[in-house]
Amino acid sequence: MAALIYWIAFSAYKRGVSPAQRSALLVHAADHAKGSFHEEAIIKDLWDEEYDFVTEHYKKKLKAYADAWLDSEAAEAYKEYRNEKAYLPGRFTELIHSAAKVKGPGPITAIHLTSWSAPESDEKHGGIVWDIGTMYDVFSIIMNQIMSNEFVLGKIDSPHSWANRWMRVATTHLVDFINLGLAQGQRAHLYNQDKNLLESLSRYTTPGLPNGRFTTPGLPNGTFPAVKMKK
């Protein structure tokens with residue numbers, strides 16, 4: 001149970017880390033408790049299992065929203081426009097790739113989540129609902145498991161509030177998942193979906209506080225250890 005609470009709390013900061021970083025955090029947890037349980041195989045296995053459980057929560061939540069966008073009118077319009085701009089009729093009616101000559105629509109960004117329009121058009125194609133409620137859903141594992149009365153999300157328009165910082169990083173994750181999904185459609189034979197989604201979760205960190213510290217509920221002193229988060 002302690003390992004699960006740790007990883008749920010840690011996910012407020014980052015949704016994924018490398019195997020080496022997981023080991024470093026286990027050593028730190030053991031040092032903090034003045035123990036050596038990090039050397040026990042059963043503890044290492046439990047540590048990784050609970051990590052996988054928490055990471056799977058974020059992967060499923062974000063993938064569900066990404067899939068909803070990929071099934072939306074916005075996605076259909078985007079892909080149609082991209083295909084039109086990426087190929088031109090050539091000799092003998094072949095389709096010749098012309099990306100160097102014709103600029104495509106570019107990757108999806110945060111402003112395209114609720115709707116998408118072609119660069120030269122004002123017509124809006126509906127995407128998905130993406131607001132503070134959906135952000136809460138992504139981070140529901142934290143709020144359902146370790147929220148305390150002292151833990152306040154704050155106002156969404158306050159840049160240093162939990163609500164604002166979680167909204168920003170959840171949006172970044174979702175946009176990444178969507179663009180990975182669009183890439184899968186073009187290069188399915190080269191695409192390992194699970195691997196790429198997990199790497200995406202490890203790529204982004206929740207914005208910290210102005211003093212550089214990152215407090216979180218559920219851990220001793222409310223602050224994460226100073227473990228270097230290098231990729």
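Take the Cβ-Cβ distance between A183 and A30 as r, set R0 to 45 Å, and report the resulting FRET efficiency rounded to the nearest 0.05. Write out the running numbers ahead of the final one.
On the way: r = 40 Å, r/R0 = 0.89.
Working from the Cβ atoms, E equals 0.65.
What nm distance separates the two modelled labels at E123 and K44, each placed 7 Å from Cα along Cα→Cβ?
For the pair E123/K44, the computed spacing is 5.9 nm.
Taking H placed 1.01 Å from N in the peptide plane, check which residues at least 5 places from T114 or on another chain put their amide H under 5 Å from its amide H.
Excluding prolines and chain starts, which carry no amide H, the hits are I128.
What pairs from K14/K59; K61/K124; K14/K60; K59/K155; K155/K195 go past 24 Å between their alpha carbons? Walk me through the numbers before you get to the answer.
On the way: K14/K59 13 Å; K61/K124 26 Å; K14/K60 16 Å; K59/K155 26 Å; K155/K195 35 Å.
The answer is K61/K124; K59/K155; K155/K195.
None of the figures in this text is laboratory data; all of them are computed from the coordinates on show. On a predicted model such as this, the values are computed, not experimentally measured, just so you know. Backbone-built Cβ (ideal geometry, glycine too); neighbour counts: all protein chains shown.
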